[in-house]
Amino acid sequence: MNPSDELPPVHSWQAPDDIREYTLACLAALGLHAWDFGWDRAIKRLGCCHITARRITLSAHFVRAHLPDHTDIIRDTVLHEIAHAIVWERHRKLGHGAEWKHYCRLLGATPRATTSRSLDFSQRPPTYILRLRTTGETIRTYHRKPRFRGPVKRFYLPGRPDTLGQLELVRYTPPEPPAR
């Protein structure tokens, strides 16, 4: 019997609880009764299979931003992570190898890893930026406050010794829209 025949049908997902119920029903239908579902704060990945905790998580940010318009991608992510769980339980293997691809196909998921970057969705604006104090040039953006080894004033950009002492980490404020 094909495992995808045992999966519950996808009805109209309008809320995150609908996804949670669907995922738990899929886990039960596939005999993964010890597994659980939860949400995480990821920005750059859609889902994760935590084998030691026997828990599948989805990015709350991604789901909030793209429900109900992209239920196909969300479902594919759920099945992707369930395939990881099956491969771990049956073969004790990790990653995106041949066994994982096999179970992805059986479940009806696309056998490839997908990140928020590869989907061309607008990203959440950064929380912090590292910039040059002198010019305001943005060097790097961060979603969480980074922990540096030492004060930022002791850093410089590789190949640009003139930037020593000129870097600053500041909270990002979006630019004001132009006045009409």
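Every number here is computed from the coordinates shown, using simple stated rules; none is lab data. Please read these numbers as outputs of a predicted model, since none were measured by experiment. Cβ placement follows ideal geometry from the backbone for every residue including glycine, while neighbour counts extend to all protein chains displayed.
A few remarks follow.
- Each label point was placed 7 Å from the Cα along the Cα-to-Cβ direction; for Thr114 and Lys145 their separation is 3.5 nm.
- Share antiparallel - DSSP beta bridges, region 128-171, percent rounded to 5: 100
- Straight-distance crosslink candidates among aspartates and glutamates, where the alpha carbon sits under 13 Å from Lys145 and sequence neighbours closer than 8 are dropped: Glu168
- Going through (1) 10.6; (2) 14.8; (3) 9.4, the figure that equals mean projected area of the Cα convex hull in nm² as computed for the structure here is (2).
- Projected label distance in nm at Lys153 and Gln14, using a 7 Å step from Cα toward the beta-carbon: 5.7
- With the simple spin-label model, which puts each label point 7 Å out from Cα in the Cβ direction, the Ile43 to Ala98 separation comes to 3.9 nm.
- Within region 3-119, percent of DSSP bridges classed antiparallel, to nearest 5: 50
- Calculated FRET value between Tyr128 and Ala53, using beta carbons and R₀ = 22 Å, to 0.05: 0.15
- Charge dipole magnitude, Cβ of K and R +1, D and E -1 - the chain, Cα centre, debye nearest 20: 1260
- Per-residue ellipticity at 222 nm from helix content only, as computed over the chain with -39500 (n - 2.57) for each DSSP H run of at least four residues, stands at -9000 deg cm²/dmol.
- Order of Leu67, Leu30 under a 10 Å beta carbon neighbour criterion, fewest first: Leu67, Leu30
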